[in-house]
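The values are calculated or read from the model by the stated rules, or taken from the named source; none is laboratory data. Fair warning: this is a prediction, and the values are worked out from it, not measured in the lab. Ideal geometry is used to build each Cβ from the backbone, glycine not excepted, and the neighbour counts take in all protein chains shown. For accessibility, only protein heavy atoms count, side chains too; no ligands or nucleic acids. Shrake-Rupley method; radii C 1.70, N 1.55, O 1.52, S 1.80 Å.
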Amino acid sequence: MATFFMAKSTPRSSNIGSSSASPIVKLADDHLFTIMLLLPVDSLISFAMTCKRFRSLTTSDTLWESICRREWGSTSVDAFKSSINTNNNQQLPWMRLYKQVSQLDSFSCHKLPDPDSDLMLPTPRASHSLNFVSDCLVLFGGGREGGQPIFHLIRCYDSQIQSLNMLCFLNVPVCVCDASLFDLLVKDAKVMFILVYACSLVLPSVPDSTNHGLGFHCLRIFLLLDHGFNILLAAHAVVPLLIMLLECPFWQLDYWRDLDDTWVAYIGKDFQRMLKWQKVTSGIPSGRFGHTCAVIGENLVLFGGINDRGMRQNDTWVGQVVLSENLGITTLSWRLLDVSSVAPPPRGAHAACCIDKRTMVIHGGIGLYGLRLGDTWILEISENFCSGTWIELVAHPSPPPRSGHTLTCIEGTGTVLFGGRGLGYDVLHDVWLLQASEDQLKWVQMLYNLQDIPEGASLPRVGHSATLILGGRLLIYGGEDSQRHRKGDFWVLDVSKIPSIKEQSTPLNSRGLQANMWRRLKAKGYKPNCRSFHRACADHSGRRLYVFGGMVDSLLHPAEASEMRFDGELFLVKFELETGAVRC
């Protein structure tokens with residue numbers, strides 16, 4: 001492709017007027033135009049090199065605008081055109097724009113709004129939702145510092161534990177430190193480990209289904225955190241609390257709570273304006289983090305999440321922005337979607353996205369008792385968005401169970417799943433594509449060798465964002481590795497670089513294909529902190545990306561992976577393109 005855009009050599013000569021000329025050269029220009037729109041770009045390049053007439057046709061900006069619509073989507077192209085202040089009759093250099101987007105290797109980054117502004121801003125948070133809908137940014141929920149302690153720490157001897165029975169009956173998470181073992185284990189406060197064994201103490205018995213078949217009246221669990229605590233818990237509190245500590249990105253904090261507020265910032269067509277956040281609702285939906293919120297048309301569809309008591313949700317909500325641009329007032333109404341009695345099991349830290357005008361898909365997450373899920377569910381919503389039907393998609397193969405991953409829909413290609421944390425607590429880098437095959441949705445894994453990608457060792461991650469940008473590509477940002485080190489790198493995943501997306505039995509063996517499939521971008525301007533469990537969304541053109549919140553390194557001990565804090569900054573990622581007289 002680069003050869004085509006850069007080469008200025010004379011095409012091979014052709015005796016167009018001779019009687020032996022190919023029948024294709026006798027076709028009218030409009031017929032040739034129709035044929036060229038059906039060709040892949042590589043074939044179009046070859047077609048252009050055959051004669052001067054074909055080269056002239058293939059350099060037409062009218063043709064390349066149609067190609068951009070085919071590969072980027074009409075919505076993205078129309079939004080891109082409306083964001084550029086040009087005469088409506090002026091033809092943009094679409095061939096040049098296609099080249100710039102296909103060879104994109106950098107972007108500019110800007111912090112929004114000014115840090116000295118007195119504007120009211122959302123509190124720092126993570127595992128929230130952030131969406132671009134109706135020319136507005138909509139922020140909901142998440143988790144933040146503050147609230148009730150996750151558990152109560154008690155240091156005592158075995159002879160004193162019997163008095164804690166009442167607390168166990170009341171479902172209070174009780175953490176009892178055995179004095180002798182506390183003194184032994186607290187000496188090493190930089191290593192986290194867990195030791196579980198049966199306890200001889202007779203505390204209230206619980207059903208076997210609650211304690212995962214362990215069959216113990218009580219479990220003694222030693223959990224050594226940064227400050228060193230060995231913990232004794234009643235069995236009915238063991239599994240949910242333990243999993244919550246391991247899975248929740250806030251397990252390093254002594255106190256945290258969920259948020260139930262909704263914020264809206266109107267952007268409109270003026271992308272250079274300072275954003276003004278408005279807090280529009282609170283309490284509905286209930287507070288949660290690790291939920292998903294997908295844009296379907298002009299509506300938001302929210303599902304699931306976890307509250308600060310560790311309870312998983314499986315409710316579905318619809319949100320709609322009501323904007324009065326003249327009065328400068330923006331409101332958002334939430335209402336519970338009627339999905340009858342069938343719904344996915346409760347979960348949080350799952351992934352979701354819109355795959356059609358009234359269809360959403362979710363996958364995976366953390367379910368009851370902290371179990372990672374690998375199921376796929378499809379939500380079909382009625383035309384008036386008042387009701388919906390959940391249907392489980394049973395397919396083989398399918399992505400293994402995971403949490404903290406992403407789902408992103410690419411128009412004309414399918415839905416891309418990337419990364420997350422698997423059953424073995426390992427951070428993943430696999431890529432799956434959900435696409436229609438013979439009128440059925442089917443999962444296809446896109447196999448590749450990680451070691452063959454330049455700097456590919458940093459690709460595995462959880463708690464990242466994956467956003468559709470201009471050109472039908474995914475921009476993957478941030479996240480953390482298996483050691484909880486936050487990331488600040490930006491990668492572009494271009495699934496169109498694979499010639500044929502079919503079920504593969506062996507990894508791709510072309511290093512060139514893999515290098516094109518993954519590309520690391522360079523950032524210019526503002527340097528944001530490395531972060532995980534943030535959220536990102538793009539405008540309709542896919543040229544401007546907004547990122548808010550997440551977990552970032554602690555100001556006191558930035559080198560420690562376990563030291564982190566909530567972040568509340570909003571910054572803009574912008575892809576600079578040259579359109580001749582206009583830089584956009």
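Filtering segment 349-364 for residues that are in contact (Cβ under 8 Å) with a residue 24 or more places away in the chain, open to solvent by less than 40 Å² (accessible area, probe 1.4 Å) and hydroxyl-bearing (Ser, Thr, Tyr) leaves a non-empty set.
Only strands (runs of 3 or more DSSP E) whose full extent lies in segment 274-354 are considered here, and the ones with at least 3 residues that are closer than 29 Å to residue 415 by Cβ and within 24 Å of the chain's Cα centre (by Cα) are 292-296, 299-306, 312-324, 329-336.
Quick grid of which residues meet (1) closer than 30 Å to residue 433 by Cβ; (2) among the acidic types (Asp, Glu); (3) modelled with pLDDT of 85 or more:
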residue	(1), (2), (3)
259	no, no, yes
274	no, no, no
313	yes, no, yes
338	no, yes, yes
346	yes, no, yes
350	yes, no, yes
362	yes, no, yes
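Filter segment 330-344 down to the residues that are open to solvent by 60 Å² or more (accessible area, probe 1.4 Å), out of contact with any Asp or Glu (no Cβ under 8 Å at 6 or more places or on another chain) and of a type outside the set (Val, Ile, Thr) and list them by number. Hits for segment 330-344 are 333, 335, 338, 340, 341.
Residue-wise test of (1) part of a loop (DSSP other than H, G, I, E, B); (2) modelled with pLDDT of 55 or more; (3) of a type in the set (Val, Ile, Thr); (4) surrounded by 14 or more Cβ atoms within 10 Å (Cβ to Cβ).
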residue: 502; (1), (2), (3), (4): yes, no, no, no
residue: 505; (1), (2), (3), (4): yes, no, no, no
residue: 509; (1), (2), (3), (4): yes, no, no, no
residue: 513; (1), (2), (3), (4): no, no, no, yes
residue: 516; (1), (2), (3), (4): no, yes, no, yes
residue: 519; (1), (2), (3), (4): no, yes, no, yes
residue: 524; (1), (2), (3), (4): no, yes, no, no
residue: 527; (1), (2), (3), (4): yes, yes, no, no
residue: 537; (1), (2), (3), (4): no, yes, no, yes
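Before we move on, is residue 108 at pLDDT 80 or above and part of a helix (DSSP H, G or I)? Taking the combined requirement at face value, the residue does not satisfy it. Taking every residue in segment 419-440 that is open to solvent by 40 Å² or more (accessible area, probe 1.4 Å) and pairing it with any residue that is of a type in the set (Ser, Thr, Tyr), at least 6 positions away or on another chain, the pairs with Cβ-Cβ distances below 7 Å are 426/482. Would you mind stating whether residue 422 is within 18 Å of the chain's Cα centre (by Cα), of a type in the set (Gly, Ala, Ser) and farther than 20 Å from residue 547 by Cα? It is true that residue 422 is within 18 Å of the chain's Cα centre (by Cα), of a type in the set (Gly, Ala, Ser) and farther than 20 Å from residue 547 by Cα. Out of 381, 410, which single residue is within 24 Å of residue 295 (Cβ to Cβ) and modelled with pLDDT under 95? Going through 381, 410 in turn, the sole match is 410.
The residues of segment 383-397 that are in a loop (DSSP other than H, G, I, E, B), farther than 18 Å from residue 345 by Cα and touching an Asp or Glu at 6+ places or on another chain (Cβ under 9 Å), listed by number, are 386, 397. Every test in (1) at pLDDT 80 or above; (2) assigned to a helix (DSSP H, G or I) is passed by residue 24 save one, and that test is (1). Note on segment 129-139: among residues that are open to solvent by less than 10 Å² (accessible area, probe 1.4 Å) and over 15 Å from the mean Cα position of the chain (by Cα), the one that is nearest to residue 266 (Cα to Cα) is 136.
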